[in-house]
Amino acid sequence: MEIMELAEQGLVANLVVKDHSRLGRNRLVVGQLLEEDFVRLNIRYIAIMDNIDTANGVSDIVPMQDLLMNGT
């Protein structure tokens, strides 16, 4: 929540995590962050171990990764 508050203030340009599962456990929330909030706020998201970089677009495989990683 703190990161999103900073992002709303325009203080976050890039969000880098080691593993995509660190973004959140709820697939719906993670999907909204990637497909709506980060786009609206112009935030580049990078998950190093999962080879995700929104500068290259969000792959259709990302929701499946969420399902396999979180099992929810």
Inset, instruction - Using amide H atoms built 1.01 Å from N in the peptide plane, name the residues 5+ places from Ile52, or on other chains, whose amide H lies under 5 Å from its own. - result: Ala47
Inset, instruction - List every residue whose amide H lies under 5 Å from the amide H of Leu15, counting only residues 5 or more places away in sequence or on a different chain, with H placed 1.01 Å from N in the peptide plane. - result: Arg44, Tyr45, Ile46
Legend entry - Length gained when the stretch Asn42-Glu5 is fully extended (0.36 nm per residue, less Cα-Cα span): 11.9 nm
Legend entry - Whole-Hz couplings from phi, Karplus 6.51/-1.76/1.60, listed for segment 27-35; x for Gly and Pro: 4, 5, 5, 4, x, 5, 4, 5, 8
Inset, instruction - Convert 37 °C to kelvin, take the viscosity as 0.692 mPa s, use the Kirkwood radius over C-alpha pairs of segment 2-53 as Rh, and evaluate the Stokes-Einstein diffusion coefficient in µm²/s, rounded to a whole number. - result: 295
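Every number here is computed from the coordinates shown, using simple stated rules; none is lab data. It should be emphasised that the depicted structure is a prediction, and the values quoted were computed from it without experimental measurement.
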